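Peer 1: The structure follows.
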Amino acid sequence: MSEEKSEMSLVKKIFVFALLAGFLIMGVLSMKRAMPEAKEERIYKAIKVYSPYELEKRMGGLAILNKLTDEKEKPSNAEILHRLDELDKEWAKEYMRVEGNDVIITRDDDTEVKILIETPKERAFIKSFFGI
């Protein structure tokens, strides 16, 4: 009888450990999925100045404001950074191009802004993130 109890307690311990490990793995995966893509900081900040999209604080969290049309998009807090990245990528395909070592941004008033690409990492980031 004591042998049955020890087997049962062993099964319970294994079950609790497996359940804990399962929840831990699910938590890490959901956190990883919610994180936005890694960005090359210097070039991204320089380009972001000209993007028409910015985050705006609101009572229920964050909203994405389009500075050109004053429209607000209110995705869930879990999706907001991914949606902002999508909007920036769509904008970049229309208004950005790479020529030599420069990123050229065409503004709405048909003026152009040049941003120097300093490193190969920045060039790779622009190609992978913006797709240009």
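The values are calculated or read from the model by the stated rules, or taken from the named source; none is laboratory data. What you see is a predicted model, and the numbers here were worked out from it, not measured in a lab. Cβ coordinates were reconstructed from backbone atoms using ideal geometry, including for glycine residues, and neighbour counts include every protein chain displayed. Side chains included, ligands, DNA and RNA excluded: accessible areas come from the protein's heavy atoms. Shrake-Rupley method; radii C 1.70, N 1.55, O 1.52, S 1.80 Å.
Peer 1: Within segment 8-29, identify whether any single residue is within 23 Å of E79 (Cβ to Cβ) and small (G, A, S), and answer yes or no.
Peer 2: Yes; the residues of segment 8-29 include at least one that is within 23 Å of E79 (Cβ to Cβ) and small (G, A, S).
Peer 1: Turning to a different aspect of this structure: Quick check on segment 52-70: of everything there that is farther than 21 Å from I105 by Cβ and assigned to a strand (DSSP E or B), which residue is most open to solvent (accessible area, probe 1.4 Å)?
Peer 2: The residue in question is K57.
Peer 1: Restricting to strands (runs of 3 or more DSSP E) lying wholly in segment 77-125: which have 3 or more residues that are modelled with pLDDT of 90 or more and aliphatic (A, V, I, L, M)? It would help to see each step written out before you state the result.
Peer 2: Working: elements: 96-99, 102-106, 112-116.
Fully inside segment 77-125 and qualifying: 102-106, 112-116.
Peer 1: Further, regarding this structure: Quick one: which of E99, E71, E37 is out of contact with any Phe, Trp or Tyr (no Cβ under 7 Å at 6 or more places or on another chain), under 23 Å from I126 (Cα atoms) and either in contact (Cβ under 8 Å) with a residue 12 or more places away in the chain or charged (D, E, K, R) (or both)?
Peer 2: That would be E99, the only listed residue that is out of contact with any Phe, Trp or Tyr (no Cβ under 7 Å at 6 or more places or on another chain), under 23 Å from I126 (Cα atoms) and either in contact (Cβ under 8 Å) with a residue 12 or more places away in the chain or charged (D, E, K, R) (or both).
Peer 1: Something else: Could we say that D88 is open to solvent by 60 Å² or more (accessible area, probe 1.4 Å) and among the acidic types (D, E) here?
Peer 2: It is false that D88 is open to solvent by 60 Å² or more (accessible area, probe 1.4 Å) and among the acidic types (D, E).
Peer 1: Another one. Just to be sure before I move on: is I132 in contact (Cβ under 8 Å) with a residue 12 or more places away in the chain and outside any helix (DSSP H, G or I) in the structure I sent?
Peer 2: Taking the combined requirement at face value, the residue satisfies it.
Peer 1: Which ones in segment 92-107 are within 14 Å of V49 (Cα to Cα) and open to solvent by 20 Å² or more (accessible area, probe 1.4 Å)?
Peer 2: Across segment 92-107, the qualifying residues are Y95, T106, R107.
Peer 1: On to the next question. Kindly provide the set of residues from segment 34-51 that are hydroxyl-bearing (S, T, Y) and either open to solvent by 90 Å² or more (accessible area, probe 1.4 Å) or in contact with a helix residue (DSSP H, G or I) (Cβ under 7 Å, 6 or more places away or on another chain) (or both), ordered by number.
Peer 2: S51
Peer 1: Return the total of residues in segment 71-81 being under 9 Å from the mean Cα position of the chain (by Cα) and open to solvent by less than 60 Å² (accessible area, probe 1.4 Å).
Peer 2: Number satisfying all stated conditions: 1.
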